[in-house]
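Just below is one structure, and these are the notes that go with it.
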Amino acid sequence: MTIAGVRRNAAPWLAIVALAAGLVACSGDDGRAGTAEESGSPRGSASPQRPNIVWVLTDDLSSDLVDHMPHVKAMQKDGLSFSNYTVTDSLCCPSRSSLFTGKFPHNTGVFTNTPPDGGFETFHEKGNEDKTFATALHQQGYRTAMMGKYLNGYQPDMTVDGEKNYVPPGWDEWDVAGNGYKEYDYALNENGRTVDHGHDPEDYLTDVVNEKGQDFIGTSVRDKKPFVLDISTFAPHGPATPAPQDEGSFQDLKLPRPPAFDKTPTDAPQWLKDKKAFTPQQIKKITRTYRKRVRAVQAVDRMIGDLQEKLKKEGVYDNTVFAFASDNGFHMGQYRLMPGKQTAFDTDVNVPLVVTGPGVPQGETTGAIASNIDICPTFTELGGAAADPDADGRSLVPLLKGETPADWPRTALVEHHGPNTSAQDPDKPGKGSGNPPSYEALRTDRYTYVAYRNGSHEYYDRSKDPDMLHNVYGQLSSRTKERLASDLKRLQDCKGAKECAAASRAG
């Protein structure tokens, strides 16, 4: 496979500026996997006091699955949980693009999973791969590893910019699959070499990256290198295939039925308001899907425990920031929707984020607004890099120290292009799962405001209506509506840390 690429080599004067001024976080260098010495990166230059970073990112994990993940629940007791962590879109590729770069979709150019406004091809052609936490930390002397799922449209054997078996810049270890959703019968790009995996128990993908992740930790410690390990699982994304030892488990697990289950909000938008009550057959289908998802996350949870034990065995656990999250949420019968995502409801955009590590408050939850655009600035600050003025997000490091600055953001932005009709997209909504038209949304700790491109609106006062069952936009004053529209416009148009920080303090 071949796609059109972009020039990756910066102009010579940029290199001179970088050498004179130091690395900028979330921007990075031209380092390629395994070529740090050739590219002149200052290997081993990172301070021993800088923490290692382990980042476990799941696919389509919703908060209701955490109850069945004992190692994640232990992380909640040992670290800091974020109750208002919001993704920039409830869809894989735009969300992951924001994670890597610290930028909103309107600045990455990635709004969907497929071209022309999304997918790996768009992410690459917009030059985003030169400006990630991997390139920044690589430049700081960290060993960097990416394992599991990258971006929709990426294939292990693809040729990009004339490079076969393409590996993006900034990564020292690269073990990434293309279509790994089934957990079996996939190919991995292992540092520029395609390796096929079959259907034997030892080929189960989550277990494979678990082992590779542990090996990477051990090698990094032996080489006395600080490291960042990004393990992004395909689980529990459909078909939610369990590991062999989990097949047949949770057979009698009951389906959660929160207050929004099988109900539509009052004054619901057009795409949602005519949904009919579920049939018994539909409820059985939702229940089967829920049980499959619970089975699928068992291997992820074991992996978390295995990685933690490896860190302890190697003597580096106490100097490692360990973070767990999901690229987006997933509704399971709420609002009369069959299993799916892509809406602005909290089921889809408000996802778990749990962090443990040196100096991180233990057993606490912060209600401070956080977003996936904050992950890149956080990792790069932890690695000792300067803040990037072009990144839209803000480092969460103050919160990890138990501090909430007075000027902390009050509003998160969600940007969605829809309806999703791409036949090539594994996230194309199934029948009855919800496929909203394009919208932008604001989410604060008190309310959610949604503005659809077709002119309709939603406003949920979550301080009084936490289940988002009453759209009261029609009851708002003209002044409030104007203020919301103005706040949304500023965030929609913002670019860079200064502008976006100012816009995010509205609300």
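Looking only at strands (runs of 3 or more DSSP E) that fall completely inside segment 271-369, which ones have 3 or more residues that are among the small types (Gly, Ala, Ser)?
Values: elements: 320-326, 353-356, 364-366.
Once the strands (runs of 3 or more DSSP E) in segment 271-369 are filtered for at least 3 residues that are among the small types (Gly, Ala, Ser), what remains is 320-326.
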Of the listed residues (Arg288, Arg293), the one being surrounded by 19 or more Cβ atoms within 10 Å (Cβ to Cβ), at pLDDT 95 or above and within 29 Å of Val56 (Cα to Cα) is Arg293
Evaluate the following for Phe322: is it among the aromatic types (Phe, Trp, Tyr), closer than 24 Å to Thr86 by Cα and open to solvent by less than 20 Å² (accessible area, probe 1.4 Å)? yes
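Kindly indicate which of Thr135, Thr114, Thr88, Thr101 is open to solvent by 10 Å² or more (accessible area, probe 1.4 Å), over 26 Å from Arg302 (Cα atoms), of a type in the set (Val, Ile, Thr) and touching a residue at least 60 places away in the same chain (Cβ under 8 Å).
Values: Thr135 fails: open to solvent by 10 Å² or more (accessible area, probe 1.4 Å); Thr88 fails: open to solvent by 10 Å² or more (accessible area, probe 1.4 Å); Thr101 fails: open to solvent by 10 Å² or more (accessible area, probe 1.4 Å).
Just one listed residue meets the conditions, Thr114.
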Output for segment 238-257, where each listed residue is closer than 13 Å to Ala299 by Cβ, open to solvent by less than 50 Å² (accessible area, probe 1.4 Å) and in a loop (DSSP other than H, G, I, E, B): Ala240, Thr241, Pro242, Ala243, Ser249
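Within segment 198-232, which residues are aromatic (Phe, Trp, Tyr) and part of a strand (DSSP E or B)? Give the derivation first.
Just the residues of segment 198-232 that are aromatic (Phe, Trp, Tyr), to begin with: 204, 216, 227.
Selection gives Phe227 alone.
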Any idea which of Arg490, Arg479 is closer than 13 Å to Leu413 by Cα, free of Cβ contacts under 8 Å to residues at least 60 places away in the same chain and part of a helix (DSSP H, G or I)? Arg490
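Would you point out the residue of segment 184-197, among those that are in contact with an Asp or Glu (Cβ under 6 Å, 6 or more places away or on another chain) and assigned to a loop (DSSP other than H, G, I, E, B), that is nearest to Ala240 (Cα to Cα)?
Step one: list which residues in segment 184-197 are in contact with an Asp or Glu (Cβ under 6 Å, 6 or more places away or on another chain), which gives 184, 187-188, 190, 194, 197.
Next cut, assigned to a loop (DSSP other than H, G, I, E, B) only: 184, 197.
On the way: Tyr184: 11, His197: 18 Å.
The selected residue is Tyr184.
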If the requirement is being surrounded by fewer than 24 Cβ atoms within 10 Å (Cβ to Cβ), touching a Gly at 6+ places or on another chain (Cβ under 6 Å), modelled with pLDDT under 95 and among the aliphatic types (A, V, I, L, M), which of these qualifies: Ala46, Ala33? Ala46
Selection within segment 157-206 - in contact with a helix residue (DSSP H, G or I) (Cβ under 6 Å, 6 or more places away or on another chain), open to solvent by 10 Å² or more (accessible area, probe 1.4 Å) and touching a residue at least 60 places away in the same chain (Cβ under 8 Å): Glu173
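The values are calculated or read from the model by the stated rules, or taken from the named source; none is laboratory data. If you're wondering where the values come from, they're calculated on a predicted model, not measured in any experiment. For neighbour counting, all protein chains shown are included, and Cβ atoms are generated from backbone atoms with ideal geometry for every residue, glycine included. Side chains included, ligands, DNA and RNA excluded: accessible areas come from the protein's heavy atoms. Shrake-Rupley method; radii C 1.70, N 1.55, O 1.52, S 1.80 Å.
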